1. Can you tell me, using C-alpha contacts under 8 Å and at least 6 residues apart, the relative contact order of segment 21-127 as a whole percent?
2. I'd like the orientation of helix 95-107 relative to the chain: the angle between its Cα long axis and the longest Cα principal axis, in ° from 0 to 90, rounded to 10.
3. Between Arg112 and Ala42, what is the label-to-label distance in nm when each label sits 7 Å out along the Cα-to-Cβ direction?
4. Run the helix sum for the chain: -39,500 (n - 2.57) per DSSP H stretch of 4+ residues, divided by residue count, reported at 222 nm to the nearest 500 deg cm²/dmol.
5. Calculate the all-directions average of the projected area of the chain's alpha-carbon convex hull, and give it in nm².
6. Specify the inter-centroid distance of segment 91-116 and segment 35-84, based on alpha-carbon positions, in whole Å.
7. Can you tell me how much longer the chain between Ser73 and Arg95 gets when fully stretched, taken as 0.36 nm per residue apart minus their C-alpha distance, in nm with one decimal?
Amino acid sequence: MARALLTAALLAFPLFWVGYLKLPAPKLALRREVIALEPEIAVSARPGPLCAQTAFFPHLTYPLEPTPLIWPSCLEKPGAWGMLHLELNPTPFKRADLEAWVDRARDEGKARQLPEGTWIIEGPNPR
């Protein structure tokens, strides 16, 4: 009896969104946008690191040499470019943090938004 209850409980977990990993559908339009942007954000085209929100990493290629945006100091490096999307998972930050970075860069004239919602922000000028 106990074994039957345990088996039933284990089989019921997925029915109630517990006990397995939920993967969101890939954003193909976002991937196309990143592909079109690659020549502009290539290592040879930018003076500093590409600080990409971690949710972008499945969409980025190795030759871009992206740096995961896990510390705000990445965006403060001379010549840094930030790649943010307010609708993607903001981890390890809060959405308000991303919005604040975009707002500050927009006020300084160093931010632009692409059609699918990606923000490219420029950090301090390289010395």
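Values quoted throughout were computed directly from the atomic coordinates according to the rules given, and no laboratory measurement underlies them. The structure displayed is predicted, hence computed values, not measured ones. In this analysis, Cβ positions are derived from the backbone assuming ideal geometry, glycine residues included, and neighbour counts consider all displayed protein chains.
1. For segment 21-127, the relative contact order is 26 percent.
2. Once rounded, the angle reads 20 degrees.
3. 1.8
4. After summing the helix terms and dividing by the residues of the chain, the value is -9500 deg cm²/dmol.
5. 10.2
6. When both Cα centres are located, 14 Å separates them.
7. 6.2 nm
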